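Visitor: Below you will find the structure I want to go over with you.
The values are calculated or read from the model by the stated rules, or taken from the named source; none is laboratory data. All of these numbers come straight from a predicted model, not from anything done at the bench. Here the Cβ positions follow ideal geometry from the backbone for every residue, glycine too, while neighbour counts run over all protein chains shown. Side chains included, ligands, DNA and RNA excluded: accessible areas come from the protein's heavy atoms. Shrake-Rupley method; radii C 1.70, N 1.55, O 1.52, S 1.80 Å.
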Amino acid sequence: MSRRSKPPAHGRGANRRPRHKAKRYLVVSGGEITETQYFEHQKRLLNIEIVSHSKARAPAQLVDFALRLKREQERDPGVELYDRIWVVVDVDDFHDHREAERKCSGNGIELVISNPCFETWLIDHICPCPDSYVLTKDVERYAAEKGVTTGKNHKYIEFNAIDGRLDNALKNVDRHNTAARYQARRRLVPRREQDFAPWTDMATVMCVLRK
């Protein structure tokens, strides 16, 4: 008598491999060109899901917008919740970063500051952003000189210059993100923003995204 073949596993008794849930990230930024380009590029480069929004608003207003998006998502049972939510802002001429940080606290949102601007992080891919560069105009000019930005008003990222240099950027961040500046970054005293320039929180974000 021939042995009956074992039926395929299915139903409740089947041993199924757990399905890997892709992580989802929400980024709300104040940069409508540079920051948006950067995160869309990382989305393709790392093959991860990033939902990116940009608004030309003050940091506290950007947090309000992120909170609205978060609550809309939470009301929709058919949508996976975001694993991390970042509000990515510059310092520039804004002075409401403390208020923005307060609104983030307890709401599952992280404020990501680049001081004086996002180009600080881009420069770090090539060399440490110089300690003397605490004004946006100086950092933007230096970024263009280093070839990490191009195009009209140097608002477009030259990805050929920074791709593959993330480890270099992470090391260079530590050169200017000093302990003293960290304390000033924590305090976020209005109109004392230069106390923690140059600075960027982007290293933390990228360490999460590339896992």
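Visitor: Go through region 108-148 and give me each residue that's among the β-branched types (Val, Ile, Thr) and either assigned to a loop (DSSP other than H, G, I, E, B) or open to solvent by less than 10 Å² (accessible area, probe 1.4 Å) (or both).
Guide: Passing the criteria: ILE109, VAL112, ILE113, THR120, ILE123, ILE126, VAL134, VAL139, VAL148.
Visitor: Working only within region 39-92, note down all residues that are in a helix (DSSP H, G or I), over 21 Å from TRP121 (Cα atoms) and open to solvent by 60 Å² or more (accessible area, probe 1.4 Å).
Guide: GLN61, ASP64, ARG68, ARG71, GLU72, GLU74
Visitor: Another one. Which pairs have Cβ atoms under 7 Å, sit 6 or more apart or on different chains, and link a residue in region 93-107 that is open to solvent by 50 Å² or more (accessible area, probe 1.4 Å) to one that is in a loop (DSSP other than H, G, I, E, B)?
Guide: PHE94/ALA58; HIS95/PRO190; HIS95/ARG191; ARG98/LEU188; ARG98/PRO190; GLU101/LEU188
Visitor: A further question follows. From ASP167, ASP174, ASP201, ASP195, grab the single residue that is among the charged types (D, E, K, R) and touching a Ser or Thr at 6+ places or on another chain (Cβ under 9 Å).
Guide: ASP201
Visitor: List, please: which pairs have Cβ atoms under 6 Å, are six or more places apart or on different chains, and start with a residue in region 16-38 that is in a strand (DSSP E or B) and at pLDDT 95 or above and end with one that is polar (S, T, N, Q) and surrounded by 10 or more Cβ atoms within 10 Å (Cβ to Cβ)?
Guide: So the pair list comes out as VAL27/SER52; SER29/SER54.
Visitor: Now a separate question. Working only within region 154-175, note down all residues that are buried (at least 17 other Cβ atoms within 10 Å of the Cβ), in contact with a strand residue (DSSP E or B) (Cβ under 7 Å, 6 or more places away or on another chain) and either hydroxyl-bearing (Ser, Thr, Tyr) or free of Cβ contacts under 8 Å to residues at least 60 places away in the same chain (or both).
Guide: Within region 154-175, GLU158, VAL173 qualify.
Visitor: Give region 84-99 a look and list any residue that's more than 15 Å from TRP199 (Cα to Cα) and within 13 Å of the chain's Cα centre (by Cα), or say none.
Guide: Matches in region 84-99: ARG84, ILE85, TRP86, VAL87.
Visitor: So VAL205 ticks every box in (1) without any contact (Cβ under 8 Å) to a residue 60 or more places away in the chain; (2) β-branched (Val, Ile, Thr); (3) open to solvent by less than 10 Å² (accessible area, probe 1.4 Å) but one. Which box is left unticked?
Guide: VAL205 satisfies every listed condition except (1).
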